[in-house]
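To start, the structure itself, in structure tokens.
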């Protein structure tokens, strides 16, 4: 079986770039699926990568998945917001079957982070064989002045055998 990866822009744009390439200068979030199909019953990780960040203090995200096919096991902080040694707060909640809301943030009063990197890593257990979709349905990047910039989200498909 082959791993199928599909990414879709969640905001309409004029002359959108190819789905696999983030927009230059715009904040985007990318779900990174496993590099090969996963076995039903196994656990796998899906990093969420932020691209093109400037002075980022926090990243709120809402993710949707099919709870009949996948089960969320854990959410771990990534290296992006803590790359200078600052502590990172990671808060996530289950908003009902198949909906996760999370926020990753730096302490108040510290400088923001720029560039690209992993904001968090989702761990899922695959319940059934087939194509399993994960979608970022809402995302933003918040700078140190608490100004929110909508972030381009994505959708991926994870193949379970």
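Observations on the structure shown:
- Label point distance in nm, residue 68-residue 161, each placed 7 Å from Cα along Cα→Cβ: 2.5 nm
- Pairwise FRET efficiency - residue 133 versus residue 54, Cβ, R0 = 25 Å, nearest 0.05: 0.25
Where a number appears in this text, it was derived from the coordinates with a stated rule and is not lab data. Everything quoted here is computed from the prediction, not taken from an experiment. Virtual Cβ from ideal backbone geometry, glycine too; neighbours counted across all protein chains shown.
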